[in-house]
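Undergrad: Before we start, here is the structure in question, set down as structure tokens.
The values are calculated or read from the model by the stated rules, or taken from the named source; none is laboratory data. Small disclaimer: the values here were computed from a predicted structure and weren't measured. Note that each Cβ is placed from the backbone with ideal geometry, even for glycine, and that neighbours are counted across all protein chains shown. Note: accessible area is taken over every heavy atom of the protein model, side chains too, but ligands, DNA and RNA are not part of it. Shrake-Rupley method; radii C 1.70, N 1.55, O 1.52, S 1.80 Å.
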Amino acid sequence: MPQVQRWYTGFCYRGNPQYLINQISAQVQRHNLSKLVPLLRIEKGIKSRKPFYFFLAIDGCEVGELPTELQASLLKLRFFECPIKASRGFTYEQIKFMVGVAHDVHDYTSLIPYEPRQNLSAENPFELTELHSINHADADWVKASQNSDRFLYWLSTLGNGSWESFQKSCNALQLQEPKRILRRLRLLGHLESSLDGSKWSAAPSSIVQINSHSSEFILCGQRSISLLNQLKEYGIVASITPQPRGEAPSCIQLVVNNPDAIAKRCCEAQIANNFPIINAGEASTQLAQILPDISTWQQNLRNMPGIVPSRWEWKHFEGDDFEICGIPHETGMYQMCDENRNLRYTLFYNQNTNTWYQGDWYGLRFLALYHHGASCQVHYNVATKCLAISVKQRWPEIYERALVLASGQLPTYQGNWLLYQNVSGEVVHLLSQKLNVKYEEALICA
């Protein structure tokens, strides 16, 4: 299928620019041409009674070829009598220095440029790029792990804050990629964040059971050195294990014969700056049981009303990467960009409801694969309880959290696979059904 691309055709006109905009917009609406001509741009700094340039955006398959529908109707208007003949067509990069804001021709009765109602920030915590298989054999894991531990102590003391405060704290400890750090802390059950990512809060200190047939637990949520010392005095700290590559706070594993008694004693002692410990039970299984299916999860994503597609440049996720495209018309994952303001947002578009959604980057990619009928598969080793998921098919964050909380460890990388440890067969079965994923029992993990 030919790739639709956006280009511009230019014209010279002398007269009232607002009248030109009104008349062209009305003609586009009258002949239902908005999919071919989404917007027009006018030369900046127009002087009264002087000729000026204007440019029509064309969404077509061949640059320089004007669709016959335009030639038979719109281009017969007198505004188009003086085309710029020096080029078959222009890119936005070629004309952006001389044109002003775009005028949307979808709604010609309201020509004042529309600003989205959402408080969109250039620093968007949802904006990630795919993290491929990595090898940090020479990296200083010990230092990174220690800094991650200090970071969680600091966040626990603060309790909550803004995305900007989170970034500043990362910078102070020389922690790279705050967006990924925030995601990892959520996966591990240490933090929660608001739906738009602008606020964060530390989760309550909790013990989470990771083995239903024994008394093995992990510590999640807020923590402090005094809390750890108190737990050591109880004699229940079994191990403190750095996360893979040291990129998150260490996993603290506990052996607790009577978790309710421990929680009660911690609350009574009011240790660690009044951080009581909650017995959260087997969170991995509980999450797997209560999480919705993929369709319901999509409906619960943050809806982004008020987006005017013609105000932005677009890229469509084609399975492996983003490709430049015209105005989105089909369901999928898109990047909307404004190079002038250095803005980029990744969104999911539902064609049936004409709705835009915001969510975690990997979740939107998984949703795009699901809607395009991609065959998503996982492999599960019953003996070792190891689950392997393709790096390119990583699950939405809340479903991945159920996998991470099964062990308290982030996944490790093995080639093109993400490996999750200690995941029960029940959790694999439940989540695979809800995400429409096929799983096979295979000896991938040793």
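Undergrad: Filter the stretch 11-25 down to the residues that are part of a helix (DSSP H, G or I) and touching a residue at least 12 places away in the same chain (Cβ under 8 Å), then identify the one that is nearest to SER73 (Cα to Cα).
TA: Among those that are part of a helix (DSSP H, G or I) and touching a residue at least 12 places away in the same chain (Cβ under 8 Å), it is ILE24.
Undergrad: I'd like the full set of residues that are closer than 20 Å to GLN253 by Cβ and free of Cβ contacts under 8 Å to residues at least 40 places away in the same chain, limited to the stretch 197-213.
TA: ALA203, HIS213
Undergrad: Suppose the filter is more than 15 Å from ARG183 (Cβ to Cβ), among the hydroxyl-bearing types (Ser, Thr, Tyr) and touching a Pro at 6+ places or on another chain (Cβ under 8 Å); does THR412 pass it?
TA: Yes.
Undergrad: Something else: Determine, yes or no, whether GLN414 is closer than 21 Å to GLN243 by Cβ, modelled with pLDDT under 95 and open to solvent by 40 Å² or more (accessible area, probe 1.4 Å).
TA: Criteria met by GLN414.
Undergrad: Could you tell me which residue of the stretch 44-102 is least open to solvent (accessible area, probe 1.4 Å), considering only residues that are of a type in the set (Ser, Thr, Tyr) and under 21 Å from ILE327 (Cα atoms)?
TA: Only one residue fits best here, namely TYR92.
Undergrad: For the stretch 288-303, which residues satisfy the criterion of being crowded, with 19+ Cβ neighbours inside 10 Å and either small (Gly, Ala, Ser) or over 27 Å from LEU431 (Cα atoms) (or both)?
TA: Correct list: ALA288 only.
Undergrad: Right, next: Which condition does PHE126 not pass, out of (1) closer than 30 Å to SER165 by Cα; (2) at pLDDT 80 or above, if it passes all the others?
TA: In the conditions (1) closer than 30 Å to SER165 by Cα; (2) at pLDDT 80 or above, PHE126 misses (2) alone.
Undergrad: What number of residues within the stretch 63-80 are of a type in the set (Asp, Glu) and in contact (Cβ under 8 Å) with a residue 40 or more places away in the chain?
TA: Adding up the residues that qualify gives 0.
Undergrad: Out of all the residues in the stretch 329-339, which are buried (at least 20 other Cβ atoms within 10 Å of the Cβ) and within 19 Å of THR91 (Cβ to Cβ)?
TA: Selection gives MET336 alone.
Undergrad: Can you name the residue in the stretch 304-320 that is touching a strand residue (DSSP E or B) at 6+ places or on another chain (Cβ under 9 Å) and charged (D, E, K, R) and, of all such residues, is most open to solvent (accessible area, probe 1.4 Å)?
TA: Out of the qualifying residues, it is GLU318.
Undergrad: Is it true that ASN342 is surrounded by fewer than 20 Cβ atoms within 10 Å (Cβ to Cβ), among the polar types (S, T, N, Q) and on the phi > 0 side of the Ramachandran plot?
TA: Here the answer is yes, as ASN342 does meet what is asked.
Undergrad: Do the conditions hold for TYR380, that is, is it out of contact with any Ser or Thr (no Cβ under 7 Å at 6 or more places or on another chain), open to solvent by less than 30 Å² (accessible area, probe 1.4 Å) and of a type outside the set (A, V, I, L, M)?
TA: Spelling it out, TYR380 is indeed out of contact with any Ser or Thr (no Cβ under 7 Å at 6 or more places or on another chain), open to solvent by less than 30 Å² (accessible area, probe 1.4 Å) and of a type outside the set (A, V, I, L, M).
Undergrad: Kindly state which helices (runs of 4 or more DSSP H) lie completely within the stretch 160-261 and contain at least 2 residues that are exposed (fewer than 13 other Cβ atoms within 10 Å of the Cβ) and modelled with pLDDT under 95.
TA: The helices (runs of 4 or more DSSP H) meeting that bar are 163-172, 225-234.
Undergrad: Check LEU40 against each of (1) at pLDDT 85 or above; (2) in a loop (DSSP other than H, G, I, E, B); (3) under 34 Å from the mean Cα position of the chain (by Cα) and name the one condition it does not meet.
TA: Tallying (1) at pLDDT 85 or above; (2) in a loop (DSSP other than H, G, I, E, B); (3) under 34 Å from the mean Cα position of the chain (by Cα), LEU40 fails exactly one: (2).
Undergrad: Which of (1) within 21 Å of the chain's Cα centre (by Cα); (2) in a helix (DSSP H, G or I) is the odd one out, the single condition SER284 does not satisfy?
TA: Among (1) within 21 Å of the chain's Cα centre (by Cα); (2) in a helix (DSSP H, G or I), the lone unmet condition for SER284 is (1).
Undergrad: Same structure again: Report, ordered by the first and then the second residue, all pairs with beta carbons closer than 8 Å, sequence separation of six or more or different chains, a first member in the stretch 221-246 that is within 24 Å of GLU192 (Cα to Cα), and a second member that is at pLDDT below 95 and basic (Lys, Arg).
TA: GLY246/LYS143
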